[in-house]
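Below you'll find the structure, written out as structure tokens, and then a few comments.
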Amino acid sequence: MITTLQKKIGDPQQSVTLYGSTPPRAGASAEVCSRAAARLAEHVRDCGLDGLVVYDVQDEQERTSEPRPFPYQPTIEPRIYAHLLQEHTGLATITYKSVGTLSEPAWLDWLKQAHQSYGLGMLTLVGSATPNPPPDALSADRAMQLARTHAPHVMLGGVMIAERHTPAYRESQRLIAKATQGSRFFVSQVVYDPEPTARLLTDYAQDCRQHGVTPQRIILTFSPCGRPATMTFLKWLGVAMPPATEQAILGDSAPFTKSIQICCANLAILTEVAAAERIPLGINIESVSIHKDELAASIELVQALRAVATPHSHAD
């Protein structure tokens with residue numbers, strides 16, 4: 001069954017607003033997981049969301065030499081939590097899946113169960129987080145090829161990292177290649193510096209014109225930040241954070257409000273770029289913190305960003 005969210009993502013005239021969440025910690029009981037899903041459903045009930053994003057949290061310690069600011073906490077399977085959220089909210093989920101540790105048979109089994117047992121119709125595939133994965137590691141490209149063959153009813157997406165877009169590594173060309181393999185949308189990492197993303201959007205549109213293809217939907221992720229520890233974690237995740245932006249947020253008497261203002265200004269810039277280049281955008285709001293004030297700020301950010309995005313909800 002094609003969900004409303006799948007239709008919206010595929011229609012460039014439609015706006016898309018998502019909210020991202022991390023599954024409960026591994027070992028959590030079914031009751032604890034259900035309560036977590038119910039709490040999130042209550043938090044987002046009046047946000048007017050089109051869907052939810054559920055992340056597949058990986059250690060990623062080999063991705064960078066920087067020490068991890070918070071200890072890595074494994075989580076329950078993302079498809080379990082995604083299924084719970086769909087039940088509690090009535091919203092479709094986009095579920096991340098890191099495929100780098102799976103064999104091809106294991107991936108096909110996971111994929112079959114994700115659809116048949118958990119009712120998941122949208123996946124974002126992520127490759128290995130390590131720069132030098134084992135030779136037998138399943139790549140995101142191969143996983144997507146297998147999914148397109150064995151689960152054609154599932155809508156597939158990928159990640160977009162503007163910070164790695166360089167003349168030597170053109171992320172824009174990767175997006176086109178991934179779209180050819182089956183990606184119908186791309187979700188960015190958190191945006192706090194609009195320049196790399198604006199540059200990538202412009203180059204992506206130009207490359208699409210040269211290849212004679214239509215740009216896929218780009219879903220931009222934003223997150224509130226009001227604590228030095230959260231700021232450190234965002235930077236550890238690879239988020240580009242201009243020093244002036246960091247100082248403006250942490251030096252403000254109301255850092256959450258300041259971060260929301262900055263996110264809105266960044267979205268306004270990127271919306272203009274995307275509209276000029278005829279790229280359909282979407283927004284995804286996440287909270288990388290468990291603190292109540294940052295969770296509350298993420299809900300406030302949903303409404304603030306929707307107000308910015310609504311006048312430019314199409315790429316026309």
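The values are calculated or read from the model by the stated rules, or taken from the named source; none is laboratory data. Note that the structure is predicted; figures quoted are calculated from it, not measured. Heads up, the Cβs are rebuilt from the backbone with ideal geometry, glycines too, and the neighbour counts pull from every protein chain shown.
Observations on the model:
- Which numbered condition HIS88 misses (of (1) surrounded by fewer than 21 Cβ atoms within 10 Å (Cβ to Cβ); (2) within 17 Å of ASP56 (Cα to Cα)): (2)
- For segment 224-234, residues that are surrounded by fewer than 21 Cβ atoms within 10 Å (Cβ to Cβ) and either in contact with a helix residue (DSSP H, G or I) (Cβ under 8 Å, 6 or more places away or on another chain) or among the β-branched types (Val, Ile, Thr) (or both) total 3.
- The listed residue being surrounded by fewer than 17 Cβ atoms within 10 Å (Cβ to Cβ) and either under 23 Å from TYR81 (Cα atoms) or at pLDDT 95 or above (or both), out of SER117, SER172: SER117
- Only a single criterion out of (1) of a type outside the set (Lys, Arg); (2) assigned to a helix (DSSP H, G or I); (3) more than 25 Å from VAL57 (Cβ to Cβ); (4) out of contact with any Ser or Thr (no Cβ under 7 Å at 6 or more places or on another chain) is not satisfied by PRO215, namely (2).
- Filter pass, GLY226 being on the phi > 0 side of the Ramachandran plot and over 17 Å from the mean Cα position of the chain (by Cα): no
- Scan segment 271-316 for residues that are over 19 Å from the mean Cα position of the chain (by Cα) and either in a strand (DSSP E or B) or modelled with pLDDT under 85 (or both) and the total you get is 7.
- Residue in segment 249-270 that is at pLDDT below 95, touching a Ser or Thr at 6+ places or on another chain (Cβ under 6 Å) and under 24 Å from THR22 (Cβ atoms) present: no
- Only one entry in ARG25, ARG39 is under 25 Å from VAL57 (Cβ atoms), charged (D, E, K, R), in contact with a strand residue (DSSP E or B) (Cβ under 8 Å, 6 or more places away or on another chain) and modelled with pLDDT under 95, namely ARG25.
- Residues satisfying the stated conditions in segment 189-208, i.e. buried (at least 21 other Cβ atoms within 10 Å of the Cβ) and either closer than 16 Å to GLU277 by Cα or free of Cβ contacts under 8 Å to residues at least 40 places away in the same chain (or both): PRO194, THR197, LEU200, LEU201, TYR204
- Here GLN61, GLN73, GLN13 are screened, and the one residue that is farther than 23 Å from VAL159 by Cβ, polar (S, T, N, Q), modelled with pLDDT under 95 and surrounded by fewer than 17 Cβ atoms within 10 Å (Cβ to Cβ) is GLN13.
- Qualifying residue in segment 213-223 (condition: free of Cβ contacts under 8 Å to residues at least 60 places away in the same chain, farther than 25 Å from LYS8 by Cβ, surrounded by fewer than 20 Cβ atoms within 10 Å (Cβ to Cβ) and over 17 Å from the mean Cα position of the chain (by Cα)): no
- Within the option set LEU200, LEU234, LEU220, being of a type in the set (A, V, I, L, M), part of a helix (DSSP H, G or I), in contact with a strand residue (DSSP E or B) (Cβ under 8 Å, 6 or more places away or on another chain) and at pLDDT 95 or above holds for one residue only, LEU200.
- Sole exception among (1) out of contact with any strand residue (DSSP E or B) (no Cβ under 6 Å at 6 or more places or on another chain); (2) surrounded by 15 or more Cβ atoms within 10 Å (Cβ to Cβ) for LEU301, by number: (1)
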